[in-house]
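Encoded as structure tokens, the structure appears first; notes follow it.
The values are calculated or read from the model by the stated rules, or taken from the named source; none is laboratory data. Keep in mind the model is a prediction, meaning the values are calculated, not measured. Heads up, the Cβs are rebuilt from the backbone with ideal geometry, glycines too, and the neighbour counts pull from every protein chain shown. Remember, those area values only see protein heavy atoms, side chains included, never the ligands or the DNA or RNA. Shrake-Rupley method; radii C 1.70, N 1.55, O 1.52, S 1.80 Å.
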Amino acid sequence: MAFDVDSFARTAAPVRTDDLDDLAAQFARRPLSEGGLRCLRYMHDVESYTVCYLRDLLLTPSHRDPRITTFLTVWNYEEHSHGVALASVLAAHGEPHGDERNAAVRERQGRLEGVKAMLTAAAAALVGEDFVAVHMSVGAVNEWTTRSGYARLIEREQHPALTALLTRIMAQESRHIAFYASEARTRLAASRRARLVTRWALRRRWSPVGSGVMPAEETAFVLGHLLAGESGRREAERIDAQIDRLPGQAGLGLLTGTARRYAAAS
């Protein structure tokens, strides 16, 4: 069944925090571990950077499809709210958050940020309409890994307040996954060229969410922290099994390879 974009748009909403028990008091009584807080900083910064990813994607052939632009508009709205929700956790720990952090992250990108946007647009134009299949496939992989990251942080921290908040974020990420994966499967199934280009892009160009924006040492820490141990290995294998079900993408081993590299470095 095709994803119902109109229903998705009608039911979009920011992640609520006002009906949860006093988050500041709960985190004051029991702060996150240093490792957990470091992961939260990364997650906040990446979620809050989504509008900049959207800017780049609207320069590609994806902008010509009204269903996709409707989805991306709502996706950006909900992802922004994830950053706002995570900012409440940082605030409870006395950490910089919100606009203060977001401005610093964007400033850190420097002048190369505009160059990267132009290169993305140029590469997408060369690929043409099959770029949309690449976009949808990468989106599915990124959302699978993002939701998994939240689940792993819940597992590692075992913090009731954090669990309540991240469970709500994960529910919205699941809806995003449903769109990306549905579109990816349809477009990949329809075009051999799309399957080949997407496989090349995932194998050669895919990198963990946030790695192009955040300092390399922060990406290494977060992935090593969340993918460590037997449970991290099993989670990586689970995501790879989901990628394998995308037409023409079986056997890439993206996440198991990433888990080995970053867990060994942690």
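Odds and ends about this structure:
- Flag: residue 32 matches the condition of being outside any helix (DSSP H, G or I), open to solvent by less than 30 Å² (accessible area, probe 1.4 Å), closer than 26 Å to residue 220 by Cβ and of a type outside the set (Lys, Arg).
- Within the stretch 201-212, residues that are within 12 Å of residue 45 (Cβ to Cβ) sit with their Cβ atoms under 8 Å from residues that are acidic (Asp, Glu) and open to solvent by less than 40 Å² (accessible area, probe 1.4 Å), at 6+ positions apart or across chains, in these pairs: 210/45.
- When we screen 8, 27 for residues that are open to solvent by less than 20 Å² (accessible area, probe 1.4 Å), of a type in the set (Phe, Trp, Tyr) and more than 18 Å from residue 165 (Cα to Cα), the only hit is 8.
- Number of residues in the stretch 213-231 that are open to solvent by 50 Å² or more (accessible area, probe 1.4 Å) and either touching a residue at least 60 places away in the same chain (Cβ under 8 Å) or not in a helix (DSSP H, G or I) (or both) equals 1.
- Every pair of residues 6+ apart whose Cβ atoms lie under 8 Å, when the first sits in the stretch 56-69 and is modelled with pLDDT of 95 or more and surrounded by 15 or more Cβ atoms within 10 Å (Cβ to Cβ) while the second is of a type outside the set (Lys, Arg) and not in a helix (DSSP H, G or I): 69/58
Per-residue answers, yes or no, for (1) crowded, with 20+ Cβ neighbours inside 10 Å; (2) in a helix (DSSP H, G or I); (3) within 17 Å of the chain's Cα centre (by Cα); (4) at pLDDT below 95:
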{"residue": "180", "(1), (2), (3), (4)": "yes, yes, yes, no"}
{"residue": "186", "(1), (2), (3), (4)": "no, yes, no, no"}
{"residue": "198", "(1), (2), (3), (4)": "yes, yes, no, no"}
{"residue": "211", "(1), (2), (3), (4)": "no, no, yes, yes"}
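- Residue identified as crowded, with 21+ Cβ neighbours inside 10 Å and among the charged types (D, E, K, R) among 79, 107: 79
- Listed by first and then second residue, the pairs with beta-carbon distance under 6 Å, at least 6 apart or on different chains, first residue in the stretch 133-153 and among the polar types (S, T, N, Q), second open to solvent by 10 Å² or more (accessible area, probe 1.4 Å), are 142/209; 145/209; 146/209; 148/235.
- Set 115, 141, 127: member being surrounded by 19 or more Cβ atoms within 10 Å (Cβ to Cβ), at pLDDT below 95 and assigned to a helix (DSSP H, G or I): 127
- Figure legend. Inter-residue proximity from the stretch 167-184: first residues under 12 Å from residue 8 (Cβ atoms), second residues open to solvent by less than 30 Å² (accessible area, probe 1.4 Å) and not in a helix (DSSP H, G or I), beta-carbon distance below 7 Å, spacing 6+ or different chains. Indicated pairs: 172/15.
- Residue that is within 25 Å of residue 226 (Cβ to Cβ), at pLDDT 95 or above and within 13 Å of the chain's Cα centre (by Cα), where the choices are 48, 33, 81: 48
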